[in-house]
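Novice: Quick one: the structure is below, and I'll ask about it shortly.
The values are calculated or read from the model by the stated rules, or taken from the named source; none is laboratory data. If you're wondering where the values come from, they're calculated on a predicted model, not measured in any experiment. When we count neighbours, we look across all protein chains shown, and the Cβ atoms used for this are built from the backbone with ideal geometry, even at glycine.
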């Protein structure tokens, strides 16, 4: 058995920024993909509420529940032993009160096996971030395009297109850093605004559609693999088209079954000849 690799910690992630070493993050939602992400030496695995769309089939991230998120978190935590694991707190699991946020975040750590949680929102969530970090729960913040609320309020729009908008994002980022967040996801933010924010913070930024100047990058696994065909965001890079390969494999399997080619002799179990002989009286003429 190979030597167990050291677990990535929040301190490691913070050190990566000071060292100028890019942070690699990806989403995962189950045991086998978590195993593979760990073998690829991804630094952070985010169990995103995007799993509600790409795994559970919801139209957006808002319907996904705490219980559904915890099931995915538990599966990922069983598969990944090296990466820092971050559980995405779903819509209305932290907005109602700080007390509810603490209870739900605690479940991600105690039940879900996560190392940290992620919450969406700017300076208005600073109080929640501060309470969670005081309780010993590391927090990854998330600003820019925030899927839990932005589609309803503003639509799917790139953030930070104007100097005024970039300034607001920077103020949010600084407030979240001051509250104790150990990193901040910047989603669908102009490259210029993301660069300004990244250079202004002590903590790392993780970009998704926010250009090359962030301290790290995160992508949805199903976008990387070409498994989610409802739509592909402009910022996502498809490295494989596994949907096409899986479809072809299933079509071959169907054809083999219909034509009697599967199962073949290699896939069959047999009785010993003397046992087969004992069946002779049982066979009808």
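Novice: Would a scan of the stretch 95-103 turn up a residue that is touching a strand residue (DSSP E or B) at 6+ places or on another chain (Cβ under 7 Å) and under 21 Å from residue 185 (Cα atoms)? Steps first, please.
Specialist: Of the residues in the stretch 95-103, the ones touching a strand residue (DSSP E or B) at 6+ places or on another chain (Cβ under 7 Å) are none.
The answer is no, given that none of the residues of the stretch 95-103 is touching a strand residue (DSSP E or B) at 6+ places or on another chain (Cβ under 7 Å) and under 21 Å from residue 185 (Cα atoms).
Novice: Exactly one condition in (1) under 17 Å from residue 206 (Cβ atoms); (2) modelled with pLDDT under 95; (3) in contact with a helix residue (DSSP H, G or I) (Cβ under 8 Å, 6 or more places away or on another chain) is false for residue 156; which is it?
Specialist: (1)
Novice: Ok, one more. Can you tell me which of (1) closer than 30 Å to residue 15 by Cα; (2) modelled with pLDDT under 95; (3) not in a loop (DSSP other than H, G, I, E, B) is the one residue 275 doesn't meet?
Specialist: So the condition that residue 275 fails would be (1).
Novice: Which one of 272, 249, 243, 210 is free of Cβ contacts under 8 Å to residues at least 40 places away in the same chain and surrounded by 12 or more Cβ atoms within 10 Å (Cβ to Cβ)?
Specialist: Values: 272 fails: surrounded by 12 or more Cβ atoms within 10 Å (Cβ to Cβ); 249 fails: surrounded by 12 or more Cβ atoms within 10 Å (Cβ to Cβ); 210 fails: free of Cβ contacts under 8 Å to residues at least 40 places away in the same chain.
The conditions single out 243.
A quick yes/no check of all residues on (1) under 23 Å from residue 94 (Cβ atoms); (2) surrounded by fewer than 20 Cβ atoms within 10 Å (Cβ to Cβ); (3) modelled with pLDDT of 95 or more; (4) assigned by TED's automatic domain parsing to the domain that holds residue 102:
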{"residue": "141", "(1), (2), (3), (4)": "yes, no, yes, yes"}
{"residue": "185", "(1), (2), (3), (4)": "yes, no, yes, yes"}
{"residue": "189", "(1), (2), (3), (4)": "yes, no, yes, yes"}
{"residue": "202", "(1), (2), (3), (4)": "no, yes, yes, yes"}
{"residue": "234", "(1), (2), (3), (4)": "no, yes, no, yes"}
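Novice: Same structure, new question: Could you pull out the residue among 28, 75, 80 that is farther than 20 Å from residue 187 by Cα and either without any contact (Cβ under 8 Å) to a residue 12 or more places away in the chain or crowded, with 22+ Cβ neighbours inside 10 Å (or both)?
Specialist: Every option except 80 fails the conditions.
Novice: Turning to a different aspect of this structure: Scan 18, 93 and give me the residue that is part of a helix (DSSP H, G or I), over 12 Å from the mean Cα position of the chain (by Cα), at pLDDT 95 or above and farther than 18 Å from residue 222 by Cβ.
Specialist: 18
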